1. Kindly establish whether Arg284 is more than 17 Å from Leu123 (Cβ to Cβ) and basic (Lys, Arg).
2. Answer yes if at least one residue in region 310-318 is among the polar types (S, T, N, Q) and either in contact with a helix residue (DSSP H, G or I) (Cβ under 7 Å, 6 or more places away or on another chain) or within 22 Å of Gln250 (Cβ to Cβ) (or both), and no otherwise.
3. Name the pairs: first residue in region 305-327 and on the phi > 0 side of the Ramachandran plot and assigned to a loop (DSSP other than H, G, I, E, B), second residue open to solvent by less than 10 Å² (accessible area, probe 1.4 Å) and not polar (S, T, N, Q), Cβ to Cβ under 8 Å, at least 6 apart or on different chains?
4. Can you find, within region 144-173, the residue that is nearest to ligand 1 (Cβ to nearest atom) among those that are buried (at least 23 other Cβ atoms within 10 Å of the Cβ) and within 17 Å of Ile315 (Cβ to Cβ)?
5. Val345 - would you say it is away from ligand 1 (no atom under 16 Å from the Cβ) and open to solvent by less than 10 Å² (accessible area, probe 1.4 Å)?
6. Of the residues Gln290, Gln302, only one is open to solvent by 40 Å² or more (accessible area, probe 1.4 Å) and either within 14 Å of ligand 1 (Cβ to nearest atom) or in the same structural domain as Leu257 (by TED's automatic domain parsing) (or both); which?
7. Quickly run through region 24-43 and pick out the residues that are open to solvent by 30 Å² or more (accessible area, probe 1.4 Å) and over 17 Å from Val80 (Cβ atoms).
8. Under 7 Å by Cβ, and 6 or more places apart or on different chains, what pairs join a residue from region 248-277 that is at positive phi with one that is among the aliphatic types (A, V, I, L, M)?
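The values are calculated or read from the model by the stated rules, or taken from the named source; none is laboratory data. Nothing here was measured: the structure is a model prediction, and the numbers come from that model. Here the Cβ is made from the backbone with ideal geometry for all residues, glycine too, and neighbour counts use every protein chain on show. These accessible areas exclude ligands, DNA and RNA; they are computed on the full protein's heavy atoms, side chains included. Shrake-Rupley method; radii C 1.70, N 1.55, O 1.52, S 1.80 Å.
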Amino acid sequence: MTAPLILGIETSCDETGVGLVRGTTLLANAVASSVDEHVRFGGVVPEVASRAHLEAVVPTLHRALDEAQVGLDDVDAVAVTAGPGLAGALMVGVSAAKALAVALDKPLYGVNHLVGHVAAEQLENGPLTEPVVALLVSGGHTEILQVDDVATAAELLGQTIDDAAGEAFDKVARLIGLKYPGGPHIQRAAADGDPSAIRFPRGLTGQRDMARHRYDFSFSGLKTAVARWVETAERAGDPVPVGDVAAGFQEAVADVLTAKAVLACQERGISTMVLAGGVAANARLRELTQQRCEAAGIELRQPRFSLCTDNGAMIAALGAAVVERGLPPSRFEFGSDSSLPVTEVLI
Ligand code: KG4
Ligand code: ZN
């Protein structure tokens, strides 16, 4: 018997995603991004994102159906990101999903965006062997999760106490005259720089911080350190060595992210790590994670880039896992929850 066809809708930030999945098989992953509309503001503007979702959700749904060569009547269940994310943006996806579920008379599942990132990995390399530690790094979040069962049990081990990792890339890019989104530009500039020329601070890694914030991150001090460094150079009339600054910054971020994620695996006795989020595109981060996982005997799993960034297929993948367990659908009255805790995999 073929697995049920799950339609997934994602609108938590600036990507409108609609995906179609059967079991752990990816059938379609259509995404419309409003990133270009945020460029001149240097970051995501919630109202602009909500409006863009409203305009993109129906065309993106049609693209996904075309890509999978199925019709709406073939859909067996609808899954949607219920949170966490931007309140207005989430509301667009949840409303669209409710409308579809009613019109098609199919069950509706409101699911957790963060756990969706982990479920996406199953579309790449097949069913996960839980437990896993997930390192999620994007413009909106920086978390270490422990996932004991992707459909039911996830725990937040640590998160950023200020800026997200991607946000730090974006802000530092602006400081050194590079464009938004900063990640790819910093990576390119860093290729011509020396990562050990400037040693920037690694937040929350001192002895006292490790006692209280073992798996947490902080990037605002790093951003300030870069700003000071640049200011000092400019005041002295020296040209700013953009390559060295970019490389030193990138090294500091990659170092602290991978060190804490590997530590979480070791201390929790977990031998699989999943790396996801837009920042997971960073070549240095991937290289260092791979090296440190290998040295520690940890299997690193990472989906292709289009499944790492926000998308609808990851939500469909989580919906498929939930449906497979026979869990009850969400009560139809549910609302989106911008601060949905990761422990609530299904709302
Ligand atoms: O997951 P994502 O596409 O969505 C949002 O968070 O909205 O992540 C976007 C973030 C941006 O902050 C961007 O600067 C960062 O991912 N990013 C990167 C790279 N490519 C994208 N950061 C570092 N290196 C990259 N190559
Ligand atoms: Zn995300």
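1. Yes; evaluated as a whole, the condition is true for this residue.
2. Among the residues of region 310-318, not one is among the polar types (S, T, N, Q) and either in contact with a helix residue (DSSP H, G or I) (Cβ under 7 Å, 6 or more places away or on another chain) or within 22 Å of Gln250 (Cβ to Cβ) (or both), which makes the answer no.
3. none
4. Leu145
5. When the stated conditions are applied, Val345 passes them.
6. On inspection, the qualifying residue turns out to be Gln290.
7. Across region 24-43, the qualifying residues are Thr24, Thr25, Leu26, Leu27, Ser33, Val35, Asp36, Glu37, Val39, Arg40, Phe41.
8. From residues that are at positive phi, the pairs are Gly277/Leu136; Gly277/Val137.
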